[in-house]
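Have a look at the structure below, then the notes.
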Amino acid sequence: MPKSIYLNCFLIVAILGLILVPAKETMATPEPVSYSTGSGTPDGLVPEGDRQNSYSWSMEEFDGYLYVGVSRNLAFLILNDMGFTGFEIFQDHIPIPHERDLRGRIFRMKLDNPESGWKQAYISDMVSLDQPDHALGDSIPRDLGYRGMISFTPHGGSAPSLFVSTLSSVGSRIIRLNHGFEPGDTPIQVFNNPDILSSIRGMAVHDEKLYIGNLIPGSDIQILKSSDPGGNETWRQIAGADDFPGARFNEQSHFYGGVWDMISFNGYLYAIIGSNYTGDESDGFLVFKGKHLGQDKADANKWGWAWKQIVGPEGAYPSGVGNPQNVTASPTIFGGHVYVGTFTDVIESANLFFNDQDIGAFIERLNPGQIYRFDPDDEWEMVVGDPDMSRGVFSHHLGNYQAGFFRPGLFQTLLGVDLNFSLNQYIWRMEVHEGRLFCSTFDLRSFEQFIEEIGRTMGQANIEDLLKQLRLFNSNSPGFDLYVSDDGLNWSPVITDGFNDPFNYGGRTLKSTRHGFFVGTANPFYGTQVWKARDSYMPRILTWLETNFQEYLGNDIQPMEEVAGILYRYYPQTSTFLATFGGRLYYLPENTGFVPQDIGGLEQWAEFIN
């Protein structure tokens, strides 16, 4: 049947939906639970707004609260650190921290009473310096931000504690908040590093112990464990630099390097080691798996652990699973596999753009985020990605999107332009909620509004042409994307515009709780936001209908598609469509000339199925 008939059919549905029901999101509307009243208004989890609280860097459910650890002025600090001074091009959209209050903060919200708002649970203390001429004065924050959070019940304990990891210029550390913690209380320091710029990110629970990845830039990379963290003496090292061939721990590695993330799977502790991008063949993340064998055992290190490289120079797969620009990655377990989402070194890319003014090199460094998965046998598959970027490791991708959740449009296909124009450079987080896999991105397109001005400032006349090409082939709005999948392969968009806010360039944290699914944003312009995001009912409803009404739909299940705000699935065996628009479900069979039949609201269907 001609494609024009299908498109006309969807236009009819769109028009009908606009007439019959109020216009609203195809998905159930996400609910803000912080303080922004719209794009460009301050938030930062403070009622009057604090734009300097840039990221919801970590998030965890604990003691009936949703806890969020924030970082301060992150985009400003990164740009300032690379020597950039032209902040006027951002037209005051990025706050300049004149008072230099860089103390990290932890906030919390009562999960069963979100209307009570956010309260500051902890703010970093200050430490004195022996350098009277230091740019920050005679004292600096102990913690610049809180990069990781995990709930863990120590050995012999009756209740979990919250363990929080930090970024610090005077030695990163782990702090512990016990049951009953109240604002004004002081957390217990249970681990600390030497007096050096360092960061702890990766934490995991494995074999009833808490594991942390520790990077000492220029010195060592470690994994430590504790059954009851209470001080440095309560930790035992299980791995060091010699266990991780190819790992970097240079001075630049605190951005993407070290033990980026860990996960317990199939009886092993898996560690993902990141790196900064240099252009060398050895670039790309590494993956190792470890198991305790006991001291004096063959293949065990001096701590009794055996480590095997899976991804890297001595593994079954090359670094970055064939793509050196995959500098690091984060894992999540779903459906018997570990799903792995990748990151590109956008900090080095920003340096090329802002300082070196090398637009060509900047474009070459763009590398949309990929999703892979591996099984208990450590067999890897590409789910969302571009096989031609894998240097022959993968011949195809299993999912319904290319890297960065890009899908070429009809116009691009007809022109034969075989390029990926996605600006989603991270698969930032993945989280399972109610049996479904969610994933969020970092969208570099949030900077598009500034790029033309930057181009004029730098005398780069070709930037306007590049932007025209981008807009021609990529209709995705600025702001991060949130996608969901029932099976880990076929993905559907929940939002593609940062909750209708282009300044929300990242979905930094995702958290499934008993009280709903929460998203914490990366917004260095007007401050981080937290949203309670309800996913689409559509995939669940379709699965139920396909099971119970096979005679009307057939069993040839096609990927879900989206056109002009209409989410739909086509059933070729019966020449039938099911589509949703404006919160309603429509049935469009060929034998009625594809006339839309309204068969009810999505919420009513979901309640009926449940």
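Quick look at the values:
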{"read-out": "Qualifying residue in the range 151-159 (condition: open to solvent by 20 Å² or more (accessible area, probe 1.4 Å) and closer than 17 Å to Asp125 by Cβ)", "value": "no"}
{"read-out": "Qualifying residue in the range 328-346 (condition: at negative phi, over 19 Å from the mean Cα position of the chain (by Cα) and either open to solvent by less than 20 Å² (accessible area, probe 1.4 Å) or not polar (S, T, N, Q) (or both))", "value": "no"}
{"read-out": "Inter-residue pairs, beta-carbon under 8 Å, first at pLDDT below 95 and in the range 153-165, second in a loop (DSSP other than H, G, I, E, B), 6+ apart", "value": "Gly156/Asp228; Gly157/Asp228"}
{"read-out": "Gly69 vs. criteria on the phi > 0 side of the Ramachandran plot and either open to solvent by less than 10 Å² (accessible area, probe 1.4 Å) or in contact (Cβ under 8 Å) with a residue 24 or more places away in the chain (or both)", "value": "no"}
{"read-out": "Residues (surrounded by fewer than 19 Cβ atoms within 10 Å (Cβ to Cβ) and free of Cβ contacts under 8 Å to residues at least 24 places away in the same chain) located in the range 210-236", "value": "Glu233"}
{"read-out": "Some residue of the range 270-285 being in a strand (DSSP E or B), of a type outside the set (A, V, I, L, M, F, W, C), at pLDDT 95 or above and open to solvent by 30 Å² or more (accessible area, probe 1.4 Å)", "value": "no"}
{"read-out": "Residues located in the range 400-425, provided they are in contact with a Ser or Thr (Cβ under 6 Å, 6 or more places away or on another chain) and aromatic (Phe, Trp, Tyr)", "value": "Phe406"}
{"read-out": "Members of the range 586-610 that are aromatic (Phe, Trp, Tyr) and either modelled with pLDDT of 90 or more or under 19 Å from Val494 (Cα atoms) (or both)", "value": "Tyr586, Tyr587, Trp605"}
{"read-out": "Within the range 84-126, considering residues that are of a type outside the set (A, V, I, L, M, F, W, C) and in contact with a His (Cβ under 9 Å, 6 or more places away or on another chain), the one surrounded by the most Cβ atoms within 10 Å (Cβ to Cβ)", "value": "Pro114"}
{"read-out": "Matching entry among Arg201, Arg176 (being part of a loop (DSSP other than H, G, I, E, B), surrounded by 16 or more Cβ atoms within 10 Å (Cβ to Cβ) and basic (Lys, Arg))", "value": "Arg201"}
{"read-out": "Output for the range 145-173, where each listed residue is closer than 15 Å to Leu102 by Cβ, in contact with a Ser or Thr (Cβ under 7 Å, 6 or more places away or on another chain) and small (Gly, Ala, Ser)", "value": "Gly145, Ser168, Ser172"}
{"read-out": "Members of the range 456-473 found to be open to solvent by 20 Å² or more (accessible area, probe 1.4 Å), over 24 Å from Ala522 (Cα atoms) and modelled with pLDDT of 75 or more, listed by number", "value": "Glu464, Asp465, Leu466, Lys468, Gln469, Leu472, Phe473"}
{"read-out": "From the options Glu453, Glu434, Glu381, residue that is in contact (Cβ under 8 Å) with a residue 60 or more places away in the chain, open to solvent by 60 Å² or more (accessible area, probe 1.4 Å) and under 30 Å from Met149 (Cα atoms)", "value": "Glu434"}
{"read-out": "Among the residues listed as Ile557, Ile541, the single one being open to solvent by 60 Å² or more (accessible area, probe 1.4 Å), of a type in the set (A, V, I, L, M, F, W, C) and either at pLDDT below 90 or within 19 Å of the chain's Cα centre (by Cα) (or both)", "value": "Ile557"}
{"read-out": "Positions within the range 566-585 being in a strand (DSSP E or B), of a type outside the set (Phe, Trp, Tyr) and at pLDDT below 80, in sequence order", "value": "Ile566, Leu567, Thr580"}
{"read-out": "Scan of the range 310-327 for residues that are surrounded by fewer than 22 Cβ atoms within 10 Å (Cβ to Cβ) and either touching a Pro at 6+ places or on another chain (Cβ under 8 Å) or modelled with pLDDT under 95 (or both), ordered by number", "value": "Pro313, Glu314"}
{"read-out": "Total residues in the range 36-55, condition in a loop (DSSP other than H, G, I, E, B), of a type in the set (Ser, Thr, Tyr) and either open to solvent by less than 60 Å² (accessible area, probe 1.4 Å) or touching a residue at least 60 places away in the same chain (Cβ under 8 Å) (or both)", "value": "3"}
{"read-out": "Top-ranked residue of the range 410-469 - restricted to ones that are polar (S, T, N, Q) and more than 29 Å from the chain's Cα centre (by Cα), ranked as farthest from Ser492 (Cα to Cα)", "value": "Thr457"}
{"read-out": "Condition met for Ala579 (crowded, with 21+ Cβ neighbours inside 10 Å, closer than 25 Å to Phe447 by Cα and aliphatic (A, V, I, L, M))", "value": "no"}
{"read-out": "Complete set of residues in the range 142-161 that are on the phi < 0 side of the Ramachandran plot and outside any strand (DSSP E or B)", "value": "Arg142, Asp143, Leu144, Thr153, Pro154, His155, Gly157, Ser158, Ala159, Pro160"}
{"read-out": "Subset of the range 179-198 (residues that are on the phi > 0 side of the Ramachandran plot and either surrounded by 22 or more Cβ atoms within 10 Å (Cβ to Cβ) or under 27 Å from the mean Cα position of the chain (by Cα) (or both))", "value": "none"}
{"read-out": "Residue among Ile106, Ile123, Ile96 that is in contact (Cβ under 8 Å) with a residue 24 or more places away in the chain, of a type in the set (A, V, I, L, M) and closer than 30 Å to Asp501 by Cβ", "value": "Ile106"}
{"read-out": "In the range 479-495, residue nearest to Gly69 (Cα to Cα) [restricted to those that are open to solvent by 30 Å² or more (accessible area, probe 1.4 Å) and modelled with pLDDT under 95]", "value": "Asp486"}
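Conditions (1) in a loop (DSSP other than H, G, I, E, B); (2) at positive phi; (3) among the β-branched types (Val, Ile, Thr), marked per residue:
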| site | (1), (2), (3) |
| --- | --- |
| Leu77 | no, no, no |
| Ile89 | no, no, yes |
| His93 | yes, no, no |
| Ile96 | yes, no, yes |
| Glu99 | yes, no, no |
| Leu102 | yes, no, no |
| Val127 | no, no, yes |
| Ile140 | no, no, yes |
| Phe163 | no, no, no |
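The values are calculated or read from the model by the stated rules, or taken from the named source; none is laboratory data. Just so you know, these numbers come straight off a predicted model, no measurement behind them. Cβ: placed from backbone, ideal geometry, glycine included. Neighbour counts: every protein chain shown. Each accessible area value is taken on the protein alone, full model and side chains, heavy atoms only, with ligands, DNA and RNA left out. Shrake-Rupley method; radii C 1.70, N 1.55, O 1.52, S 1.80 Å.
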